[in-house]
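What follows is a single structure, written as structure tokens, with notes after it.
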Amino acid sequence: MFFILSKVLDFVLSPTIWLVSPLLLGLLVRSTRWRRRLLWAAAIGLLVFTNSALVNEALLAWEKPPVTLRAVGVHDAGILLTGITEGSKSPHDRVYVQQGADRLLHTLWLYRAGRIRRIIISGGSGALGGPAAQTEARELEILLRLAGVPQPDILLETRSRNTHENALYTKELLARHPEIRSTVLITSAFHQRRAVGCFAKVGLRPTPFPAGYYSSDRKFSLGYWLLPNDQPLLLWSILLHEIAGYVVYNVLGYC
């Protein structure tokens with residue numbers, strides 16, 4: 001049920017829905033007063049949700065800042081959280097990755113730089129209708145193997161379907177590998193708060209390593225602050241969903 005509700009939340013928190021709803025209501029209501037209010041609300045929402053500077057400032061405030069390789073230190077393993085593959089795309093003779101693939105590349109970077117000795121991939125199927133033939137963890141394993149990471153250096157956790165379960169089942173995996181004493185948690189920067197909280201809740205305290213940034217360096221041009229853009233709609237949706245998820249996880253005691 002929780003998994004289904006998380007998918008419904010994606011729809012409810014979409015800024016596009018927030019913009020379209022008052023427009024439609026404004027066209028349907030008979031009251032001139034309410035029609036004017038609804039259209040004004042839609043106009044203001046359009047200005048806010050298409051402003052690149054506003055969403056970037058919000059992302060800069062929410063995302064965890066980058067960590068240098070030197071600051072990471074050397075650890076027994078890196079924990080790579082999934083959620084970056086696209087299983088519904090055909091033909092199914094390859095692995096498709098989304099924008100969050102930066103976390104996969106940074107995991108490989110940490111491994112090649114000698115900062116982590118092994119890689120734990122945590123993630124089952126993200127399909128709403130049931131388990132997929134190929135879990136996300138196994139899909140990322142394919143890519144790491146193609147990149148030359150030896151099989152013994154990769155551990156898989158293939159049951160989890162959310163961040164809470166990532167932490168829970170990774171703890172069970174680590175209990176079977178007492179030789180792994182220190183870890184690095186690699187996930188997208190906007191997701192790092194919730195992930196760190198979930199792992200701490202189950203008694204794990206990996207070193208955070210944010211990757212896959214949606215924010216960019218602050219600019220001081222007029223175009224950055226004033227010109228509307230369609231990209232902020234997607235970014236607002238991602239950020240609002242993550243903030244809502246963080247709040248829900250806190251209420252449920254997951255982080």
Search result, residues across the range 24-64 that are more than 26 Å from residue 242 (Cα to Cα), surrounded by 17 or more Cβ atoms within 10 Å (Cβ to Cβ) and within 33 Å of the chain's Cα centre (by Cα): 38
Of residues in the range 40-70 being touching a residue at least 60 places away in the same chain (Cβ under 8 Å) and in a loop (DSSP other than H, G, I, E, B), the one nearest to residue 21 (Cα to Cα): 50
Test for residue 159: is it part of a helix (DSSP H, G or I), not polar (S, T, N, Q) and not assigned by TED's automatic domain parsing to the domain that holds residue 54: no
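Could you pull out the residue among 143, 168 that is of a type in the set (A, V, I, L, M, F, W, C), touching a residue at least 24 places away in the same chain (Cβ under 8 Å) and farther than 18 Å from residue 100 by Cβ? If you could, list the steps in order and put the result at the bottom.
Values: 143 fails: farther than 18 Å from residue 100 by Cβ.
Answer to the check: 168.
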Hey, residue 249 in contact with a helix residue (DSSP H, G or I) (Cβ under 9 Å, 6 or more places away or on another chain), crowded, with 18+ Cβ neighbours inside 10 Å and in a loop (DSSP other than H, G, I, E, B) or not: no
Hits in the range 191-225 (condition: in a helix (DSSP H, G or I) and at pLDDT below 95): 222, 223, 224, 225
Qualifying residue in the range 78-91 (condition: modelled with pLDDT of 90 or more, more than 15 Å from the chain's Cα centre (by Cα) and in a strand (DSSP E or B)): yes
Some residue of the range 19-35 being at pLDDT 90 or above, of a type outside the set (A, V, I, L, M, F, W, C) and part of a helix (DSSP H, G or I): no
Complete set of residues in the range 131-143 that are touching a Ser or Thr at 6+ places or on another chain (Cβ under 8 Å) and either crowded, with 19+ Cβ neighbours inside 10 Å or part of a helix (DSSP H, G or I) (or both): 135, 136, 137, 138, 139, 140
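The values are calculated or read from the model by the stated rules, or taken from the named source; none is laboratory data. Small disclaimer: the values here were computed from a predicted structure and weren't measured. Counting neighbours? That spans all protein chains shown, and the Cβs are built from the backbone with ideal geometry, glycine included.
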